[in-house]
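This report refers to the structure that appears directly beneath it.
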Amino acid sequence: MPKDEFDIRSVDQLFALLDQGDFLAEIMDGNRDLQRVLLDHRAAFGGKPKGRMTITIDYELTKTGDVSIGGIVEFKRPKAPKASGVAYVNDQGDLSLYSPMMKRMKVRDVTEGDRAVKSAGEAD
């Protein structure tokens, strides 16, 4: 059976049909942007960042035989790591920068001249 010159033969032709080509441009621009985001994320946080592009095409066959076509493209960017920090809880239940372990530390004398200087390999 001979093919009609008006047949849609490729996915890019189908995507270009939607919104007079704007849908295909949105896919290409979004894909390029996602690649940049992946590079930036790796530079900032390291690791192997992941992203996703999801294209959904909906078809509806009308009573007259026309096919109504709709498309949505969605991009999922990598998430930045959670912000982190460290604090301690004091006896009153408040957050504090003072470590309770510091209470257990002995105070040692650091007066110059009173201590013997030893090499790293010497025993006490």
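Taking the longest Cα principal axis of the chain as reference, the axis of helix 22-45 is set at about 10 degrees. Which of rounded, prolate, oblate describes region 11-76, given a ≥ b ≥ c as roots of the alpha-carbon gyration tensor eigenvalues and a/c under 1.5 marking rounded, otherwise prolate only if a/b is larger than b/c? It is prolate, given that a/c is not under 1.5 and a/b is the larger ratio. Taking every C-alpha pair closer than 8 Å and separated by at least 6 residues, the mean separation divided by the residue count of region 11-76 gives a relative contact order of 28 percent. A straight line joining the Cα centroids of region 67-117 and region 30-60 runs 30 Å.
A short reminder: the numbers here are calculations on the coordinates, not readings from a lab. Treat the numbers as computed from the prediction; the structure is a model and nothing was measured.
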